[in-house]
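**Student:** Attaching a single structure in structure tokens format; questions to follow.
The values are calculated or read from the model by the stated rules, or taken from the named source; none is laboratory data. Everything quoted here is computed from the prediction, not taken from an experiment. No Cβ is skipped: glycine too gets one built from the backbone with ideal geometry, and neighbour counts run over all protein chains shown.
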Amino acid sequence: MIEANQIGVRKSGRWILRKAGVKVRAGELVALIGANGAGKSTLLKAVAGEVAPEEGTVSINGQLLADWPAAGLAKVRGVLSQSVQLPFSMPVIDLVEMGRYPYQGQEPGGRIREIARHCLRQVGLSGYEARDICTLSGGEQQRAQLARVLAQVYRDEAAQERFLLLDEPTASQDIAQKQQLLSLLRKLANEAGLGILTILHDLNLAMQYADRVVLLRGGHLLKSGPPEAVLTPEGIAQGFGLKARVVHTPGEAWPHILTCPTAVDLFQNEETSIP
Amino acid sequence: MIPSLPKYRSLSRWLSAPVLTLLLAASTLLALLIGAYSLPVQQIGLVLGERLLGLEAGLPQTLTYLVWDIRLPRILLSVFVGGGLAIAGAAVQGLFRNPLADPALIGVTSGAMVFAVAGILFSASVLGVLGSWLGYATVTVMAFTGSLLTTFLVYWLASSKGYTSVVTMLLAGVAITALGGALTGLMTYFSDEDELRDITFWTLGSLGGANWQMLALLVPLVLLPAILLWRQSSQLDLLLLGEREAAYTGVNTQRTKWIVISCAALIVGACVAVSGVIAFVALVVPHLVRLIQGPRHRSLLLGSALLGGLLMVWADTAARTLIAPAELPIGILTALLGAPFFIWLLLKTKRSL
């Protein structure tokens, strides 16, 4: 389990995160949401170990982040930043194989290639192995990077709980790819038992796929819990300063969030009213 | 993102390590034959047999001297200088994630220059004791010291609280290089005619001073850091994704930065010290190998070292034969050939985008 408690991060004397925390269990998909500047990325970086918080602690599988050896940590948690730029192009398979760095010298080249192919298949990039990365679309490049991170935490038999930390992985995906990507993450959580913490901007995706949602505002933790409990009109109004409706459609398993520029009453099937 | 060129990828077989090694060995032997005095193969074979296998061939001393004491150390020196410059260039380009990076950017060359010029000017006066003790090696020792000091100054300027910023290092390198240029210029301005001539020749680069002692000093200073660099191949691969991603993947980025910078400084410092300034090898060779072999450092570093050595053997052979019995400074030759080639490569890459 990942546990971040009472995290405080200061930049140039100003607190940009205070008393924020998040828990991610194995097999769980947790969405980190909030307006720009709410501290989502900072919290993710603190959990990833890139930013050392002034207050609070982060532990993974019961061990403080600072006590993890670099390679050991890399084996149990992979991080994908929002945009990763390569200065030189290379075949897609090479990029994915680079993810196996923590296992360097511990497995033969053929095995690394096998794992890389498997991870490319998972992100829907089978057949792209020999393609040059610079010939891929932005969305495909992002998925190739995800495959690299998946290769990093890949294990035949998981000895330890493993986690993925993702910063807005759907950013450059089209609407169909967003659904595919989130259902892949859901599947990785359910079947491979990965604990996933991901920043999401699309509240409907969070509603649809997340087990829990963590809502930040102004560097503070506003609400945390199951999507339907957090993504209420009140929650969205507090977190984003935006009027929204949460609409249940008959036959749909989850409600839809509709944001409104005005208070015009366009929708008949609303369940909750705007505060 | 700089693409690799798929149509050249078929060349990768021909630029693979075994092929390059063979070519390098063949070139070394072939270059022995070529010079102001052309020598037949049999005589070269006899000299090598006499020296390496202890055969008694009864050869004239001048011949043995020419082959064994003049040409062979010089050719081997060009192999190590070319290979060293190219592998250091490849590693530094990887670290800076920039195909235009060159070890000169972090101040190695300008530091060597300042100290070498100071060595030329003051070896008799200020550096009296040191100068008389080291003799002709004064300039070499000074250049090596200067390159290391400057690089570590740049590294120190870019570091704070245990973190070294690659971008600051680049900026500090530019500033220190400019400062070095000014100091060199100042000393040049106040030098007399003989000194001026020495300075000019040192700046243009030459492998003419090669001998076995020099080689014995240079080889470990190139080979050991080169091996250390090669062992950082996977780390350098991941640094292509940026420091953050590399750290997330388990790379100790601070350690890799330190190893790459200090090894590159050792190699380039040693090369510049024995040969003066040789332009473009550190820039063009890695670029060429990367286009063909791709950017992964295991093959890139090895390929660059071998190709750099190979090209330098021929460049130096050309330098000492084109206007024989006089010699062209090799620095001029590498820039004269390297720059147009690099431009051609850029145009080629641009078109394939």
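**Student:** Of (1) under 30 Å from B:Ala315 (Cβ atoms); (2) buried (at least 21 other Cβ atoms within 10 Å of the Cβ); (3) of a type in the set (A, V, I, L, M, F, W, C), B:Val141 satisfies all except one. Which?
**Tutor:** Here B:Val141 clears every test but (2).
**Student:** Starting from segment A:120-132, take each residue that is within 14 Å of chain B (Cβ to nearest Cβ) and over 18 Å from A:Leu80 (Cα atoms) and list its partners that are of a type outside the set (Lys, Arg) and surrounded by fewer than 17 Cβ atoms within 10 Å (Cβ to Cβ), counting only C-beta distances under 7 angstrom and pairs at least six apart or across chains.
**Tutor:** A:Asp132/B:Pro3; A:Asp132/B:Pro6
**Student:** If you don't mind, there's one more thing I want to ask. Do any strands (runs of 3 or more DSSP E) entirely within segment A:1-79 hold 1 or more residues that are in contact with a strand residue (DSSP E or B) (Cβ under 8 Å, 6 or more places away or on another chain) and surrounded by fewer than 20 Cβ atoms within 10 Å (Cβ to Cβ), and if so, which?
**Tutor:** Because the criterion is at least 1 residues that are in contact with a strand residue (DSSP E or B) (Cβ under 8 Å, 6 or more places away or on another chain) and surrounded by fewer than 20 Cβ atoms within 10 Å (Cβ to Cβ), the strands (runs of 3 or more DSSP E) in segment A:1-79 that meet it are A:2-11, A:14-24, A:55-60.
**Student:** Consider only pairs whose beta carbons are under 6 Å apart and that are at least six residues apart or on different chains; among these, list those whose first residue lies in segment B:40-56 and is farther than 15 Å from B:Asp69 by Cα and whose second residue is surrounded by 11 or more Cβ atoms within 10 Å (Cβ to Cβ).
**Tutor:** The qualifying pairs are B:Leu55/B:Gly49.
**Student:** Still on this structure: Please enumerate the residues belonging to segment A:163-176 that are buried (at least 24 other Cβ atoms within 10 Å of the Cβ) and at pLDDT below 95.
**Tutor:** Of everything in segment A:163-176, just one residue is buried (at least 24 other Cβ atoms within 10 Å of the Cβ) and at pLDDT below 95, namely A:Pro169.
**Student:** Answer yes or no as to whether B:Leu196 is free of Cβ contacts under 8 Å to residues at least 60 places away in the same chain and touching a Ser or Thr at 6+ places or on another chain (Cβ under 9 Å). Reasoning before the result, please.
**Tutor:** Working: free of Cβ contacts under 8 Å to residues at least 60 places away in the same chain: yes; touching a Ser or Thr at 6+ places or on another chain (Cβ under 9 Å): yes.
Yes: the conditions hold for B:Leu196.
**Student:** Looking only at segment B:217-244, how many residues end up being touching a residue at least 40 places away in the same chain (Cβ under 8 Å), within 11 Å of another protein chain (Cβ to nearest Cβ) and in a loop (DSSP other than H, G, I, E, B)?
**Tutor:** Residues flagged as touching a residue at least 40 places away in the same chain (Cβ under 8 Å), within 11 Å of another protein chain (Cβ to nearest Cβ) and in a loop (DSSP other than H, G, I, E, B) within segment B:217-244 amount to 2.
**Student:** Of everything in segment B:319-339 that's of a type in the set (Gly, Ala, Ser) and over 14 Å from B:Arg71 (Cβ atoms), which residue is surrounded by the fewest Cβ atoms within 10 Å (Cβ to Cβ)?
**Tutor:** Of the residues in segment B:319-339, the ones of a type in the set (Gly, Ala, Ser) are B:319, B:324, B:326, B:331, B:335, B:338-339.
When the remaining residues are screened for being over 14 Å from B:Arg71 (Cβ atoms), the result is B:326, B:331, B:335, B:338-339.
On the way: B:Ala326: 8, B:Gly331: 23, B:Ala335: 19, B:Gly338: 20, B:Ala339: 14.
For segment B:319-339, the residue satisfying everything is B:Ala326.
**Student:** So, A:Leu184, is that one over 30 Å from B:Leu291 (Cβ atoms) and crowded, with 23+ Cβ neighbours inside 10 Å or not?
**Tutor:** No.
**Student:** What's the total number of residues in segment A:30-42 that are within 12 Å of the chain's Cα centre (by Cα) and either small (Gly, Ala, Ser) or within 18 Å of A:Lys11 (Cα to Cα) (or both)? Steps first, answer last, please.
**Tutor:** Of all residues in segment A:30-42, those within 12 Å of the chain's Cα centre (by Cα) come to A:30-33, A:40-41.
Applying the additional criterion that residues be either small (Gly, Ala, Ser) or within 18 Å of A:Lys11 (Cα to Cα) (or both) yields A:31, A:40-41.
So the answer is 3.
**Student:** Out of everything in segment A:64-87 that is of a type in the set (S, T, N, Q) and facing chain B (nearest Cβ under 9 Å), what residue ends up being farthest from the chain's Cα centre (by Cα)?
**Tutor:** Just the residues of segment A:64-87 that are of a type in the set (S, T, N, Q), to begin with: A:81-83, A:85.
Restricting the remaining residues to those that are facing chain B (nearest Cβ under 9 Å) gives A:81, A:85.
Details: A:Ser81: 9, A:Gln85: 19 Å.
So, considering only residues that are of a type in the set (S, T, N, Q) and facing chain B (nearest Cβ under 9 Å), the one farthest from the chain's Cα centre (by Cα) is A:Gln85.
**Student:** Give the residue that is farthest from the other protein chains (Cβ to nearest Cβ), with candidates limited to residues of segment B:245-265 that are in contact (Cβ under 8 Å) with a residue 12 or more places away in the chain and aliphatic (A, V, I, L, M).
**Tutor:** B:Ala265
A quick yes/no check of all residues on (1) under 19 Å from B:Ala90 (Cα atoms); (2) surrounded by 16 or more Cβ atoms within 10 Å (Cβ to Cβ):
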| site | (1), (2) |
| --- | --- |
| B:Met187 | no, yes |
| B:Glu193 | no, no |
| B:Thr203 | no, yes |
| B:Leu215 | no, yes |
| B:Leu221 | yes, yes |
| B:Ser234 | yes, yes |
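**Student:** Criterion first (at positive phi and either without any contact (Cβ under 8 Å) to a residue 60 or more places away in the chain or within 14 Å of chain A (Cβ to nearest Cβ) (or both)) does B:Gly276 satisfy it?
**Tutor:** When the stated conditions are applied, B:Gly276 does not pass them.
**Student:** So which residues in segment A:104-131 are buried (at least 18 other Cβ atoms within 10 Å of the Cβ), not in a loop (DSSP other than H, G, I, E, B) and not hydrophobic (A, V, I, L, M, F, W, C)?
**Tutor:** A:Arg117, A:Gln122
**Student:** Against the definition (touching a residue at least 24 places away in the same chain (Cβ under 8 Å), crowded, with 19+ Cβ neighbours inside 10 Å and under 30 Å from B:His287 (Cα atoms)), how does A:Leu95 come out, yes or no?
**Tutor:** yes
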